[in-house]
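Asker: Below you'll find the structure I mean.
The values are calculated or read from the model by the stated rules, or taken from the named source; none is laboratory data. The shown structure was predicted, so the numbers you read here are calculated from the model rather than taken from an experiment. Because the Cβ atoms are built from the backbone with ideal geometry, glycine has one as well, and the counts that use them run over all protein chains shown. Side chains included, ligands, DNA and RNA excluded: accessible areas come from the protein's heavy atoms. Shrake-Rupley method; radii C 1.70, N 1.55, O 1.52, S 1.80 Å.
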Amino acid sequence: MSRRDLVFLRDTAWLTLSAFGGPQAHVALFLKILVEKRRYLTEGELMEINALCQLLPGPSSTQTLTAIAYKRGGLLLALLCLAIWLLPAFGLVTSFALMLIFWQGEQKNLNLWAYTQLMQPIAVGLVAHAGFVIVRKLVQTREAVLITLMAAVAAYFLRTPFLLPVLMVLSGLATSLKYRDFVREEKTALNIQWKYLIIFAVLFIGIAALGGITRSLPIRLLENFYRNGTLVFGGGQVLVPVLYNEFVEFKHYLSSSEFLSGYALLQVVPGPVFSFSGYIGALTMRGEGIGGMILGSLMATIGINLPGTLFIFFAYPFWEQLKKYRPVRASLEGINAASAGLVIAAVFLLWEPMAHTSLNIGVAVVTFLLLQFTHISAPLIVLGGILAGWVMVRL
């Protein structure tokens, strides 16, 4: 491994410790560090790679960084970069889940959820602001507005994880019809390496079969998150309602309070939003002790990230050829609009199970306003919420 590869990995470590705020904030950080400071690639190349990741299921900011590493140093550098990017968040969310169970189980007089009571409305405010930013940036045409509204309504009323790929495909097809608005480019035959797609398919079938045969909870967790990693487009904010529907409403592995408090506290954890899966995996395995919880977090983290990684290894090598096709470039408008609609639906899905008190409404609104009109970051708001919850318990 060359010295320049080691420098890139060092920069990756700095990124993962600095990356708060979700995929949109992550891309802005990549632009600042990888483009402006280090000049690993141009701004245009970064945005093209990010556009490709929006077309693929999986964690978009993770895929973007992995693709950049793949572009610079091939498969080994990409895998090392991925591990460095994921490890801090994995350790932090797993530790948080362990602390929750320890404090609840060993210290009966300590009501941890009372201290985090404001995390739920803060989470709603965070997601609402993310939706506002996404809509403002990505929804620019009348067609996009219509797709956003239809996707939001469909996601709210049809609460199934299998809705996502249908919405994305239909939305992308709808705007791909506008391909004549794009300049025609000279095309060459696509050179496709099928091995990563074959590996993905074998794992998809094999893990599902193994989970069905063994009924092992860790294997079923791996399958659950592998499937979600296959179906989720649009980054971490879109993942939230999907995980809520499956693991809170359908399977009841977590309570609504546990889910929302965990999601809000995740805002003080740097790194990918998909690391939230590790928190859910750990709490799902709470009955198996510390070792079981760590295993559950590991299975969830591997499962949610593996499909997107395989997809980017499959798609990136021929992206330069694929993006020359006008329907592909035109479809991005619909895909982005549908992603925005899913985030809007997430606001209402997260708000629904909460007590609709004036305090919760006020906290959610204040969170949104602070993010929109001040330079106060999400981690500071969450820490302030924890402090306020502690004061409320003590009074």
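Asker: Out of region 320-333, which residues are surrounded by fewer than 18 Cβ atoms within 10 Å (Cβ to Cβ) and assigned to a helix (DSSP H, G or I)?
Answerer: Of everything in region 320-333, those that are surrounded by fewer than 18 Cβ atoms within 10 Å (Cβ to Cβ) and assigned to a helix (DSSP H, G or I) turn out to be E320, Q321, L322, P327.
Asker: Would you pick out the residues in region 166-214 that are surrounded by 11 or more Cβ atoms within 10 Å (Cβ to Cβ), in a loop (DSSP other than H, G, I, E, B) and of a type in the set (S, T, N, Q)?
Answerer: Across region 166-214, the qualifying residue is only Q193.
Asker: Let me ask something else about it. Quick check on region 299-312. Is at least one of its residues in contact (Cβ under 8 Å) with a residue 24 or more places away in the chain, outside any helix (DSSP H, G or I) and either surrounded by fewer than 22 Cβ atoms within 10 Å (Cβ to Cβ) or out of contact with any strand residue (DSSP E or B) (no Cβ under 8 Å at 6 or more places or on another chain) (or both)?
Answerer: No, because not a single residue in region 299-312 is in contact (Cβ under 8 Å) with a residue 24 or more places away in the chain, outside any helix (DSSP H, G or I) and either surrounded by fewer than 22 Cβ atoms within 10 Å (Cβ to Cβ) or out of contact with any strand residue (DSSP E or B) (no Cβ under 8 Å at 6 or more places or on another chain) (or both).
Asker: Follow-up. For V127, only one of the following conditions fails: (1) open to solvent by less than 50 Å² (accessible area, probe 1.4 Å); (2) over 18 Å from the mean Cα position of the chain (by Cα); (3) in contact (Cβ under 8 Å) with a residue 24 or more places away in the chain. What is its number?
Answerer: The number of the failed condition is (2).
Asker: Quick one: which residue in S257, S261 is closer than 20 Å to A128 by Cβ, surrounded by fewer than 20 Cβ atoms within 10 Å (Cβ to Cβ) and over 13 Å from the mean Cα position of the chain (by Cα)?
Answerer: S257
Asker: So, one more: Which one of L52, L65, L46 is assigned to a helix (DSSP H, G or I), more than 17 Å from the chain's Cα centre (by Cα), modelled with pLDDT of 75 or more and aliphatic (A, V, I, L, M)?
Answerer: None of the others qualify; the one that does is L46.
Asker: A follow-up question, please. I need a count of the residues in region 362-395 that are closer than 30 Å to L158 by Cβ and either surrounded by 15 or more Cβ atoms within 10 Å (Cβ to Cβ) or modelled with pLDDT under 80 (or both).
Answerer: 6
Asker: Right, another one. Going by what's in this entry, would V169 be described as of a type outside the set (D, E), closer than 16 Å to L332 by Cβ and under 24 Å from the mean Cα position of the chain (by Cα)?
Answerer: yes
Asker: I've got another one for you. Would region 180-193 turn up any residue that is in contact (Cβ under 8 Å) with a residue 24 or more places away in the chain, of a type outside the set (S, T, Y) and under 29 Å from A300 (Cα atoms)?
Answerer: So far as region 180-193 goes, yes, one or more of its residues are in contact (Cβ under 8 Å) with a residue 24 or more places away in the chain, of a type outside the set (S, T, Y) and under 29 Å from A300 (Cα atoms).
Asker: Restricting attention to region 246-270, which residues are at pLDDT 80 or above and more than 18 Å from L295 (Cα to Cα)?
Answerer: Within region 246-270, E246, V248, E249, F250, K251, H252, S255, S256, E258, F259 meet the criteria.
Asker: Let me ask you something else. Out of the residues in region 14-43 that are of a type in the set (A, V, I, L, M) and either exposed (fewer than 15 other Cβ atoms within 10 Å of the Cβ) or under 22 Å from L126 (Cα atoms) (or both), which is modelled with the lowest pLDDT?
Answerer: Checked region 14-43; the qualifying residue modelled with the lowest pLDDT is A25.
Asker: Can you name the number of the only condition in (1) open to solvent by 40 Å² or more (accessible area, probe 1.4 Å); (2) modelled with pLDDT of 85 or more; (3) closer than 27 Å to A282 by Cα that N109 fails?
Answerer: Result: N109 passes all but (2).
Asker: Within region 374-395, how many residues turn out to be assigned to a loop (DSSP other than H, G, I, E, B) and not polar (S, T, N, Q)?
Answerer: 3
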